[in-house]
Amino acid sequence: MMNHTATMPRRRFLAAGAAALGVAPMFFTRSFAESVNDQIAIGVIGCGGMGGGLMGNFLNMSGVRVTAVCDVDQNMRDRAKKRVDEHYENTDCKAHGHYRELLSQNGLDAVVIATPDHMHAQIGIEAASAGLDIYGEKPFTWGLAEGRQLVDALKENKRVWQTGSQQRSGNHFRQFKALIEHGAIGKVKRVECGTPRGMSIRNHSPAEEWESRIGNPPSYINWEAYCGVVGEFPYHPMLHPWNWRWHETFGGGQLLDWVGHHVDIAMWALGLDRTGPVTVEGTGKHGDHEFFNALVDYQYQGKFADGTLIEVRTDFGGTRITGEDGWLHVNRGKLDADDRERLRNLPDDFDDRPPGHQQDFINCVRSRETPVADAESTHRASSFGQLALAAIESGRVLRWDPEAERVIDDVDLAAHPRLGSRVVL
């Protein structure tokens, strides 16, 4: 929980940060409850692969206008602004090198956060404090405690949050959930989730060039802003772009990247996405890369208070739930069952024409309703992965109180970096 008496009030903190950057902090927000014809102005923070893809979706969405972009990499920033300007056939898009500049821009209603994992919480808390709604990429946050801080900030400021766990808006996954809830397989007996192994490293720079470039960021990258809450960390030519996710300082490897997909679907389908496991244990191994240190293989399981055991492995893909009467297995592009007649057992009120994931966010910005991948539920999915990383690293069973969100009777595990917070607010 945030200690509001021991920290600077959030709006004053953001204003101070903006002043230090030479920009005027202005907090103007609008409510769309009265008019559905007004355009929603969006700023995009993080303009790389994922941010660029999301920006393209919002550019082509009715009633939405991208008015600002931000990236610590000037090349990415310039490309994003050019793309927006060409789309609207003007030069109105504002380009910022620091997220606080963008948050202080007048007229914004919402932001997209598509930065590396380590900055999700910090930027999200400050954006919520500035009165902005947020579409944020998964995993929800890098660390567990800062995830709770972000959830609290969103509640306090009454902000809409949608996590980019887009499978929740996919029809196969929605059918899977509806069938489970409708009793298509009877009482649940086993829950299995398959998520990827390995590290898909992109070779930006040959190893023989590393020595001369380590610690020397190129002029087009604001490395201090890139590191953010991490603090000082030597520049490495392989980290940016993309590969940051394979270093534990900035990402969480495949485990934390995919817990927000297939494990999230299991928790969502079973109504466990407002709680967490009471015990977590697992094993894993690191690769032999001389710089990247994320797990390349792993298996873990978490037991919930109602007795449900969720097993996570890397030897298959998707979410498979087995019941007394049969099984259902969903993966991207496919929903299967032991007997395909089970797939007909959808409830009569099942909606087979849901909005897209980004459209659901925009609809909720207007209505102030809760999106399908809201903050609390996706924090709980990420926290399962963060607990697993701590348990695997320790080699011990982690006992967890999901209500208080604290480790039980293990001081060393309670001090694990993934269970703490690097947010400074």
- Note on the structure: Across the range 299-313, the tally of residues that are touching a strand residue (DSSP E or B) at 6+ places or on another chain (Cβ under 8 Å) and surrounded by fewer than 23 Cβ atoms within 10 Å (Cβ to Cβ) stands at 8
- Query: Looking at (1) crowded, with 20+ Cβ neighbours inside 10 Å; (2) within 21 Å of L108 (Cα to Cα), can you tell me which one V330 breaks?
  - Reply: (2)
- Can you confirm whether the range 265-288 contains a residue that is surrounded by fewer than 18 Cβ atoms within 10 Å (Cβ to Cβ) and modelled with pLDDT under 95? yes
- Are any residues in the range 119-137 crowded, with 24+ Cβ neighbours inside 10 Å, out of contact with any Lys or Arg (no Cβ under 9 Å at 6 or more places or on another chain) and not in a helix (DSSP H, G or I), and if so, which ones? Y135, G136
- Note on the structure: When the range 183-204 is checked residue by residue, the ones that are of a type outside the set (V, I, T), touching a helix residue (DSSP H, G or I) at 6+ places or on another chain (Cβ under 8 Å), part of a loop (DSSP other than H, G, I, E, B) and surrounded by 12 or more Cβ atoms within 10 Å (Cβ to Cβ) are A184, P196, R197, G198, M199, H204
- Which pairs do you get when a residue that is over 16 Å from L255 (Cβ atoms), found in the range 388-413, comes within reach of a residue that is of a type in the set (V, I, T) and part of a loop (DSSP other than H, G, I, E, B), reach meaning Cβ atoms under 6 angstrom, with the pair 6+ apart or on two chains? R399/I408; W400/V278; D401/I408; P402/T275
- Inter-residue pairs, beta-carbon under 7 Å, first within 28 Å of H98 (Cα to Cα) and in the range 196-225, second part of a helix (DSSP H, G or I) and of a type in the set (K, R), 6+ apart: S205/R213
- Within the range 343-368, the residues that are among the charged types (D, E, K, R), more than 30 Å from V64 (Cβ to Cβ) and in contact with a helix residue (DSSP H, G or I) (Cβ under 7 Å, 6 or more places away or on another chain) are none
- For residues that are surrounded by 14 or more Cβ atoms within 10 Å (Cβ to Cβ) and either without any contact (Cβ under 8 Å) to a residue 40 or more places away in the chain or β-branched (V, I, T) (or both), tally how many sit in the range 339-367. 3
- Just one of (1) surrounded by 24 or more Cβ atoms within 10 Å (Cβ to Cβ); (2) in a helix (DSSP H, G or I) trips up R148, so point out which. (1)
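The values are calculated or read from the model by the stated rules, or taken from the named source; none is laboratory data. All values reported here derive from a predicted model rather than from experimental measurement. Counting neighbours? That spans all protein chains shown, and the Cβs are built from the backbone with ideal geometry, glycine included.
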